[in-house]
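Asks: Before we start, here is the structure in question, set down as C-alpha cells.
The values are calculated or read from the model by the stated rules, or taken from the named source; none is laboratory data. From a predicted model like this one, the values you see are computed outputs, not experimental measurements. With ideal geometry, Cβ positions are generated from the backbone for all residues, glycine too; neighbour counts draw on all protein chains shown. We work out accessible area using only protein heavy atoms, side chains counted, and drop any ligands, DNA or RNA first. Shrake-Rupley method; radii C 1.70, N 1.55, O 1.52, S 1.80 Å.
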Amino acid sequence: MAGVGMAALGAWVPCRRWSKAAVFGFHRGLTALLARKPEGTPLWLPACRQKTSVSFLSRPDLPNLAYKKLKGKSPGVIFIPGYISNMNGTKALAIEEFCKSLGHAYIRFDYSGVGNSDGNLQECTVGRWRKDVLSIIDDLAEGPQILVGSSLGGWLMFHAAIARPQKVVALIGIAAAVDGLVTQFSQLPVEVKKEVEMKGVWAMPSRYSEDGIYHIQYSFIKEAEHHCLLHSPIPVNCPIRLLHGMKDDIVPWHTSIQVADRVVSTDVDVILRKHSDHRMKEKADIQLLVYTIDDLIDKLSTVVN
C-alpha cells in the first residue's frame, strides 16, 4: 500500500491547481497523473504558498485559540499538532496546500499556551488541550471531518472521535502518542520517578527540543493519567490510518500496533516506514501523508456527498 502511494504522489507539487481529473488516489489514473509532472519540477516546494492571516476563536472562560481556516468541500480536514508544536510546521502547511489543491476545507490551530494562542503553557494539561480540539470541531468545523493527529495530537484525536462520533468520520495518526507521556514516565526507574515527584518537574531529554530537554510538570503527567485509552477497548468505529516511523525514538512504532488492536473499528491500517523518525516530515513521509488523506477523502466521498 505504501509503495503504491509513493509512486502516485511523486507527481504532486504543492500550489499547482489540478483539474478534477488530475486529482490522484487509488482509482484515479496513475499513468495519466505521472505524465502531468512538468519536466524538472521538484517534488516538494515548501516555499510555494500564500500567506493567510491568523484568526482567533473566542471562548468564555477559556483562552482564545489562534487558527487558520480554509473553506472548501466536505469532508474537511483538521490538523492536531504534537506536544508544544504549533500550526506552522511542515506537515500542517503541506496538508493545507494539498487541501487547497483539492478544494477541501482545512483547519490548523495552536493549542492554548502554544504559538499565537492565549494561555499559560505551565497551566496546560491533556484535558485542557482536549477541550481545545473539541472547541475547534464544535465552533469552527462545518460538516464531517478527517482528523490528522501528530504525536500527542494523535492521542487527542481519539478523544475527539469518542466525544464527537457524528462529526469525526476518519482518523490519521502520525506517530500517534496514545498514552505516550504516561507510558514513558511509568517506564522510568523507581528512584527517578520519586525524584520527579519531589521536584515537581520531569526533565525529559529530547533531541526535538531546542535545549535538548522538555521540562514537563509532574502535575501534567498525573492529570494525563485520567485520559489514558490503551487499558480498554477504544470506542471509535470510523476508518483509521496509523503512520509510524520505525526509527522513532520517542514513541515506539509498536504503539500504533497496540492502538490498532484496541480500537473497535475494523477499518484500520498501520503503515510503517522503515527509515522514518518521530517527526515524519521528510519528503517521502509528507507524500505518504497526503496520499493517505486523499485515499480517505475518496473512500468517504460516497458517504458524505
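Asks: Only one residue in SER85, SER112, SER101 is over 23 Å from ALA161 (Cα atoms) and either out of contact with any strand residue (DSSP E or B) (no Cβ under 9 Å at 6 or more places or on another chain) or among the hydroxyl-bearing types (Ser, Thr, Tyr) (or both). Which one? Break it down stepwise before answering.
Replies: Working: SER85 fails: over 23 Å from ALA161 (Cα atoms); SER112 fails: over 23 Å from ALA161 (Cα atoms).
Of SER85, SER112, SER101, the one residue that is over 23 Å from ALA161 (Cα atoms) and either out of contact with any strand residue (DSSP E or B) (no Cβ under 9 Å at 6 or more places or on another chain) or among the hydroxyl-bearing types (Ser, Thr, Tyr) (or both) is SER101.
Asks: Restricting to the range 128-153, name every residue that is open to solvent by 10 Å² or more (accessible area, probe 1.4 Å) and not hydrophobic (A, V, I, L, M, F, W, C).
Replies: ARG128, ARG130, LYS131, SER135, ASP138, ASP139, GLU142, GLY143, PRO144, SER150, SER151
Asks: Working only within the range 151-195, note down all residues that are of a type in the set (Lys, Arg) and within 24 Å of PHE109 (Cα to Cα).
Replies: At the first step, the residues of the range 151-195 found to be of a type in the set (Lys, Arg) are 164, 167, 193-194.
Across the range 151-195, the qualifying residues are ARG164, LYS167.
Asks: From the list GLY154, GLY149, which residue is in a strand (DSSP E or B) and either touching a strand residue (DSSP E or B) at 6+ places or on another chain (Cβ under 9 Å) or outside the structural domain of ILE257 (by the TED database) (or both)?
Replies: After applying the criteria, what remains is GLY149.
Asks: Counting just the residues of the range 58-102 that are open to solvent by 20 Å² or more (accessible area, probe 1.4 Å) and hydrophobic (A, V, I, L, M, F, W, C), which one comes out modelled with the lowest pLDDT?
Replies: Checked the range 58-102; the qualifying residue modelled with the lowest pLDDT is ILE84.
Asks: Next question. Between a residue in the range 183-195 that is in the same structural domain as SER256 (by the TED database) and over 23 Å from THR255 (Cα atoms) and any residue that is of a type in the set (Val, Ile, Thr) and surrounded by 14 or more Cβ atoms within 10 Å (Cβ to Cβ), which pairs come within a Cβ distance under 9 Å, given they are 6 or more apart or on different chains?
Replies: none
Asks: Something else about it: Report the residue count in the range 168-185 for those that are in a strand (DSSP E or B) and open to solvent by 10 Å² or more (accessible area, probe 1.4 Å).
Replies: 1
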